[in-house]
Amino acid sequence: MDRQQEFVLRTIEERDVRFVRLWFTDVVGSLKSVALAPAEVEGAFEEGLGFDGSSIEGLARVFESDMLAQPDPATFQILPWRGETEATSRMFCDILTPDGEPSAADPRNVLKRTLAKAADMGFTCYTHPEIEFYLLKSQQPGPDGSPIPVDEGGYFDHVPGGVAQDFRRTAVTMLESVGISVEFSHHEAGPGQNEIDLRYADALQTADNIMTFRTVIKEVALQQGTYATFMPKPFTAHPGSGMHTHFSLFEGDTNAFYEAGAEFQLSETARQFIAGILKHAPEFTAVTNQFVNSYKRLWGGGEAPSYLSWGHNNRSALVRVPLYKPGKGQSARIEYRGIDSAANPYLAYAVLLGAGLKGIEEGYQLPAAAEDDIWSLSSAERRAMGHDPLPASLHDAIRTMEESELMPQILGEQVFEHFLRNKRAEWQDYRLQVTPYELQRNLGIL
């Protein structure tokens, strides 16, 4: 038994932890949980906990349903919202097959495989997400069918006595108590919309942190009598919720994206990484923007990027190279602005990193940076400048992903097939719906 496992078992005893929750995700990023008695934890470390994988979306087919959840002791945390008496803790799990091999269908393992490939190329990947969400008065819509936000605040607004202010203070405190460092938090542009930015961490830890973050945010909201949603676009007239993520690759202690004296201080490695993301973005948009509603955000304005472009500090671009303080080469990074807050972080980071690494491997050439506001250009101008559009709907994204050679390589055939099957079913369900828009528009005149 290693030191981390011994630390977990000792902490469970010392803190009188009564329940140990084992967490993992299905193929679309829904959190799954099973509670373990403290006496069973040592056995779970050694042998894993058996469960029926065929009942979890995308994990196993019926005829090979037996799976094992093996807790990762490095992710052990006490859950503060469960209280101090009869404390509850959690650990993320790796999913294994009955013979102890990593499951090809485990989203966490997909990201681990991609990070292992990066390591083979000499790179460590760090990520820093900016997570947006809406805080609503309740899960129930108002009389007009729209959700009701908790306030009418705007970007960076300080709302005296505001619900969101108390909410963010409690949420940040709770996040930090489970080991998630927060860089800053503020009111976003939409009414009731908030943003909390997590501090840099390696990509696997960030993905685990995002799954925990969503749970914490929803728990704090419920405690305060409100409701938090990560739905990409809950309001027609207000901005959607993105999860802009900053990426950097390090070779040892050196930032591989930085080159003093180069254009924008960007190294050739960084330029090839961006080129890889831009080339393959249409193929992975179904993963980074996985719901029907995601495309209402991408194509609904409000600073959501819809075209393949990159720029230096250009917020209309899909990939942005942020400004940073002179002499701070270690902070060189790129920001992908397409991903939304409802993505499965394991798969989303795997495809983004995998596409960037492909650009480095193949020596992709980066086109010229976009200096204009891409939203203000005409379609003809965008075409002439090479700013092709991202998929316009989940259906388009599915079709583009189906034709990709790179996505099944990154995701593995099993996750690739299960993910597409899930998304095709969602599109089919949506396609059959008669929406309030159609009734309002057509019923009285047709």
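Of all residues in the range 190-212, those satisfying the criterion of being under 14 Å from residue 243 (Cα atoms) and more than 15 Å from the chain's Cα centre (by Cα) are 193, 194. Of the residues making up the range 180-220, those that are out of contact with any strand residue (DSSP E or B) (no Cβ under 6 Å at 6 or more places or on another chain), small (Gly, Ala, Ser) and within 29 Å of residue 106 (Cβ to Cβ) are 181, 201, 207.
Does residue 289 satisfy being at pLDDT 95 or above, crowded, with 24+ Cβ neighbours inside 10 Å and closer than 29 Å to residue 27 by Cα? Write out each step before concluding.
Working: at pLDDT 95 or above: yes; crowded, with 24+ Cβ neighbours inside 10 Å: yes; closer than 29 Å to residue 27 by Cα: yes.
Yes: the conditions hold for residue 289.
When residues in the range 215-225 are screened for being closer than 25 Å to residue 25 by Cβ and touching a residue at least 40 places away in the same chain (Cβ under 8 Å), 7 of them pass. Restricted to the range 1-38, and to residues there that are closer than 29 Å to residue 411 by Cβ and of a type in the set (Ser, Thr, Tyr), the residue that is surrounded by the most Cβ atoms within 10 Å (Cβ to Cβ) is 25.
Test residue 106 against the criterion of being within 22 Å of residue 48 (Cα to Cα) and surrounded by fewer than 18 Cβ atoms within 10 Å (Cβ to Cβ), and give yes or no. Show your work before the answer.
On the way: within 22 Å of residue 48 (Cα to Cα): yes; surrounded by fewer than 18 Cβ atoms within 10 Å (Cβ to Cβ): no.
No: the conditions fail for residue 106.
Just wondering, is there one or more residues in the range 236-254 that are under 21 Å from residue 140 (Cβ atoms), in contact (Cβ under 8 Å) with a residue 60 or more places away in the chain and surrounded by fewer than 23 Cβ atoms within 10 Å (Cβ to Cβ)? There is at least one residue in the range 236-254 that is under 21 Å from residue 140 (Cβ atoms), in contact (Cβ under 8 Å) with a residue 60 or more places away in the chain and surrounded by fewer than 23 Cβ atoms within 10 Å (Cβ to Cβ).
Per-residue answers, yes or no, for (1) more than 13 Å from residue 27 (Cβ to Cβ); (2) of a type outside the set (Lys, Arg); (3) at pLDDT below 95:
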| site | (1), (2), (3) |
| --- | --- |
| 380 | yes, yes, yes |
| 383 | yes, no, yes |
| 389 | yes, yes, yes |
| 398 | yes, yes, no |
| 401 | yes, yes, no |
| 405 | yes, yes, no |
| 410 | yes, yes, no |
| 415 | no, yes, yes |
| 427 | yes, yes, no |
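Return the residues of the range 221-235 that are buried (at least 18 other Cβ atoms within 10 Å of the Cβ), out of contact with any strand residue (DSSP E or B) (no Cβ under 6 Å at 6 or more places or on another chain) and over 22 Å from residue 206 (Cα atoms); say none if nothing qualifies. Correct list: 233, 235.
Would you say residue 365 is in a loop (DSSP other than H, G, I, E, B), without any contact (Cβ under 8 Å) to a residue 12 or more places away in the chain and over 24 Å from residue 242 (Cβ atoms)? Spell out how you get there, then give the answer.
Numbers: in a loop (DSSP other than H, G, I, E, B): yes; without any contact (Cβ under 8 Å) to a residue 12 or more places away in the chain: no; over 24 Å from residue 242 (Cβ atoms): yes.
No.
Among the residues that make up the range 125-136, is at least one of them of a type in the set (A, V, I, L, M), over 23 Å from residue 248 (Cα atoms) and in a strand (DSSP E or B)? Scanning the range 125-136, I find at least one residue that is of a type in the set (A, V, I, L, M), over 23 Å from residue 248 (Cα atoms) and in a strand (DSSP E or B), so the answer is yes. Please verify whether the range 337-358 includes one or more residues that are at pLDDT 95 or above, out of contact with any Ser or Thr (no Cβ under 9 Å at 6 or more places or on another chain) and either farther than 23 Å from residue 289 by Cβ or not aliphatic (A, V, I, L, M) (or both). Yes.
The values are calculated or read from the model by the stated rules, or taken from the named source; none is laboratory data. Everything numeric in this text was worked out from a predicted model, so none of it was measured. For neighbour counting, all protein chains shown are included, and Cβ atoms are generated from backbone atoms with ideal geometry for every residue, glycine included.
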